[in-house]
Amino acid sequence: MHILIYKLTQFILKLQNFLYKIRTKKLNSTFKNGSSKMIFHGENELILSAETELKKTELNKKIKEIVKTKLDDPEKLLNFISTEGTDVFRIKNANLILKLVGEEEGFITPAIGLKALFINLFVNLLVYNKLIISFKSNEMFILRPLKVDIYYMIHQFHKWYSYKLGLPGFNFKEQENFKHIFKTLKQEDISNLTLSEIISLKEAIARDIEAIDFVVNLCKEFDTSKKLLNRIKTGNSVVL
């Protein structure tokens, strides 16, 4: 997971540099994304996100209550997700199949277009042996039928709960921009985005960072073993 944290840090620095260039221009602009609102006036920036902050506080409290009784078994978290109406699929070689559309195992946000078509086709063919064509997909969890690391699962669970609670940063275009630019980390890719896309990107990044912070803090609070904490820091908290 340390690699993810490093890439996110580099990503944020590039975004901050680009936003600074935008702020130094004499412009007036207002952007609203879900429960967050950002206003640019000349070189000044004002973020109004009381609703988002309130939801984040509620989010961490609820997630902590849920996961603290399930730290011994990530399958309990998957069962909880299923009972809340989100499909959980265990598919052989899921990691290789998802890689074809730029996804990783775990929480898959809703998609549209060809990406949704691909996801729906392979899920329905491999799980239900049915050919269902749809250009919209629901949120879901897709994992290989293997043991899942509890800390990786909590990270994904946090993002899923953020989505279910209605925090910004999870619509299809925001997630696609995030995954594409996060993968390449090219300055020109960021420069080609509009102001509203940049702000949306910041929200998508925030949800990932919040999930990482939650896992690390939970580990410190509930895990007395330093060895397990080091697994997070050294990047060994992955799907096994």
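The values are calculated or read from the model by the stated rules, or taken from the named source; none is laboratory data. Predicted model only: the values in this text are computed from it and were never measured. As a convention, Cβ positions derive from the backbone with ideal geometry for all residues, glycine included, and neighbour counts pool all protein chains shown. Ligands, DNA and RNA are excluded from the accessible area calculation, which covers all protein heavy atoms including side chains. Shrake-Rupley method; radii C 1.70, N 1.55, O 1.52, S 1.80 Å.
A few points about this structure:
- Answer from LEU71, LEU59, LEU96, LEU77 - the residue that is over 18 Å from the mean Cα position of the chain (by Cα) and in contact (Cβ under 8 Å) with a residue 60 or more places away in the chain: LEU71
- Subset of region 96-124 (residues that are in a helix (DSSP H, G or I) and touching a Lys or Arg at 6+ places or on another chain (Cβ under 6 Å)): ALA116, ASN124
- Picking from residues in region 144-171 that are in contact (Cβ under 8 Å) with a residue 60 or more places away in the chain and over 24 Å from ASN60 (Cα atoms), the one that is most open to solvent (accessible area, probe 1.4 Å) is LYS147.
- From GLU174, GLU197, GLU210, residue being among the charged types (D, E, K, R), in contact with a strand residue (DSSP E or B) (Cβ under 9 Å, 6 or more places away or on another chain) and assigned to a helix (DSSP H, G or I): GLU174
- Filtered by the rule that a residue be part of a helix (DSSP H, G or I), open to solvent by less than 70 Å² (accessible area, probe 1.4 Å) and more than 24 Å from ASN124 (Cα to Cα), region 65-95 gives ILE66, VAL67, PRO74.
- Here LYS227, LYS220 are screened, and the one residue that is at pLDDT below 60, in a helix (DSSP H, G or I) and under 22 Å from LYS64 (Cα atoms) is LYS227.
- Remark: GLU139 matches the filter, which requires a residue to be closer than 21 Å to ASP208 by Cβ, free of Cβ contacts under 8 Å to residues at least 60 places away in the same chain, among the charged types (D, E, K, R) and surrounded by 17 or more Cβ atoms within 10 Å (Cβ to Cβ).
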